[in-house]
Amino acid sequence: MTDSQRPPNRRLVEAVYPFGTHLDVSRASSDGMRGNVRDDRDNSLIGQAELFDVPDRYADGYHDGYDH
């Protein structure tokens, strides 16, 4: 299996960024976002969002990162 055939790494996280800003939209995937933070008024780059692990609600069983 080549690297391009491997599934991407996935991790369930919460993004925290300042009021009045938004996350970048991904150009690589539909409905995706990037960790870059931009100003709501002029879309200028502000910095990076902080990412925190989301507690696993299914700690005693299988969890794939999606709400079911």
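Coordinate-derived values only; no laboratory data. This structure is a prediction, so every number in the text was calculated from the model and none was measured. Cβ placement follows ideal geometry from the backbone for every residue including glycine, while neighbour counts extend to all protein chains displayed.
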Linear extension gain, Phe52 paired with Val16, 0.36 nm per residue minus alpha-carbon span: 12.2 nm
Sequence ranges 5-13, 21-29, 33-41, ranked by mean other-Cβ count within 10 angstrom, highest first: 33-41, 21-29, 5-13
Residues with amide H under 5 Å from that of Met33, placed H, sequence gap 5 or more: Ser26
Gain upon complete extension [Arg41, Ser29; 0.36 nm per residue less C-alpha separation]: 1.9 nm
